[in-house]
Every structure is written in C-alpha cells, then in structure tokens.
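Colleague: Provided herewith is a single structure, encoded as structure tokens, for subsequent inquiry.
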Amino acid sequence: MDNGYENAKALLSQNKNIDAILCATDTIALGAIKYLNENKIKIPGDIAVAGFGESKPSSILSPSLTTVHFYYRECGIEGATFLLDKIAKPDIPDKAMKLGFEIIKNQSV
C-alpha cells in the first residue's frame, strides 16, 4: 500500500493530466486510492484506478476497485499435476499452459 500511495503522489506531482492508474496488485491500488482520496481527487471522475488480483478488500472499498481475476487455484493444480507427472515420467515433453483471466469491472473506472 505504501508504494501505491507514494507512487501515485510522485506520478501526479510530475503530470497533472494523468487520467488512469493501473497497478500491479490490488494492494498497490489501495495505496493509490488512499492518496487520491486524501487529496480530494475523484475516482473515477478525475482518475480511474485498477489493480490485479481480485483481493477481498477491493470489493469493499468505495468506490469498489476494478481488478483482474487470475485463476491461481487452477494454475496451481495444473502446475502440480504436471510436476508430479514429470517426476514419474521424466521423458514426457514439457508443455506451455495459458490460463485465463477475467476483468472484474467495478466502480473505480
């Protein structure tokens, strides 16, 4: 959160025309939103904010945070299954996996 707060502050001190902040995690986005709220910058009216991770706090925040949901559980299951298969049969070919995501559009954009 501290990084989100400080980086939002730095961004806005360098450029007042920013209209969106996309954060690597929801926690960073929460820090940015804290800074924006303290400085009476309207979300999403003045600046849109989004994060990644669909954390629990993102849904109870006001305005609720737009975020990206990754399928971490499915990724873990697929990765563990492949690892166990590879241990049992070292000659099986490696494989690439692409797992989906979902944009959870809420009130911050």
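The values are calculated or read from the model by the stated rules, or taken from the named source; none is laboratory data. Because the structure is predicted, anything quoted here is derived from the model rather than measured. With ideal geometry, Cβ positions are generated from the backbone for all residues, glycine too; neighbour counts draw on all protein chains shown.
Colleague: If you check residue 50 against the conditions, is it surrounded by 13 or more Cβ atoms within 10 Å (Cβ to Cβ), in contact with a Gly (Cβ under 6 Å, 6 or more places away or on another chain) and at pLDDT 95 or above?
Modeller: The answer is no for residue 50.
Colleague: Right, next: Please name all residue pairs, on different chains or six or more residues apart, with Cβ atoms under 8 Å, provided the first residue is in region 92-106 and is within 30 Å of residue 60 (Cβ to Cβ) and in contact (Cβ under 8 Å) with a residue 24 or more places away in the chain and the second residue is in a loop (DSSP other than H, G, I, E, B) and of a type in the set (Asp, Glu).
Modeller: Within 8 Å, the pairs are 104/54.
Colleague: Taking the condition surrounded by 12 or more Cβ atoms within 10 Å (Cβ to Cβ), farther than 22 Å from residue 25 by Cβ and modelled with pLDDT of 90 or more, does residue 82 pass?
Modeller: When the stated conditions are applied, residue 82 passes them.
Colleague: Continuing with the same structure: Kindly provide the set of residues from region 7-20 that are touching an Asp or Glu at 6+ places or on another chain (Cβ under 8 Å) and surrounded by 14 or more Cβ atoms within 10 Å (Cβ to Cβ), ordered by number.
Modeller: Residues satisfying the conditions do not exist here.
Colleague: Then there's this: If you scan region 17-38, which residues turn out to be assigned to a loop (DSSP other than H, G, I, E, B), touching a residue at least 24 places away in the same chain (Cβ under 8 Å) and over 12 Å from the mean Cα position of the chain (by Cα)?
Modeller: 18, 19, listed by residue number.
Colleague: Residues being in a helix (DSSP H, G or I), of a type in the set (Ser, Thr, Tyr) and either closer than 30 Å to residue 44 by Cβ or within 18 Å of the chain's Cα centre (by Cα) (or both): count how many of those fall in region 69-109. Don't jump to the end; show me each part of the working.
Modeller: First, pick out the residues of region 69-109 that are in a helix (DSSP H, G or I): 72-88.
When the remaining residues are screened for being of a type in the set (Ser, Thr, Tyr), the result is 72, 81.
This time we only want the ones that are either closer than 30 Å to residue 44 by Cβ or within 18 Å of the chain's Cα centre (by Cα) (or both), so: 72.
Selection size over region 69-109: 1.
Colleague: Is it true that residue 65 is in contact (Cβ under 8 Å) with a residue 40 or more places away in the chain and either surrounded by fewer than 17 Cβ atoms within 10 Å (Cβ to Cβ) or not basic (Lys, Arg) (or both)?
Modeller: Values: in contact (Cβ under 8 Å) with a residue 40 or more places away in the chain: yes; either surrounded by fewer than 17 Cβ atoms within 10 Å (Cβ to Cβ) or not basic (Lys, Arg) (or both): yes.
Here the answer is yes, as residue 65 does meet what is asked.
Colleague: So is residue 77 surrounded by 11 or more Cβ atoms within 10 Å (Cβ to Cβ) and either modelled with pLDDT of 95 or more or not hydrophobic (A, V, I, L, M, F, W, C) (or both) or not?
Modeller: No, not satisfied.
Colleague: Could you say which residue among 25, 66 is closer than 16 Å to residue 109 by Cα and touching a Phe, Trp or Tyr at 6+ places or on another chain (Cβ under 9 Å)?
Modeller: Exactly one of 25, 66 is closer than 16 Å to residue 109 by Cα and touching a Phe, Trp or Tyr at 6+ places or on another chain (Cβ under 9 Å), namely 25.
Colleague: Would you pick out the residues in region 21-40 that are among the hydrophobic types (A, V, I, L, M, F, W, C) and crowded, with 16+ Cβ neighbours inside 10 Å?
Modeller: Within region 21-40, 21, 23, 28, 29, 30, 32, 33, 36 qualify.
Colleague: Only one of these conditions is not met by residue 59: (1) crowded, with 16+ Cβ neighbours inside 10 Å; (2) out of contact with any Pro (no Cβ under 9 Å at 6 or more places or on another chain); (3) closer than 20 Å to residue 102 by Cβ. Which number is it?
Modeller: Among (1) crowded, with 16+ Cβ neighbours inside 10 Å; (2) out of contact with any Pro (no Cβ under 9 Å at 6 or more places or on another chain); (3) closer than 20 Å to residue 102 by Cβ, the lone unmet condition for residue 59 is (1).
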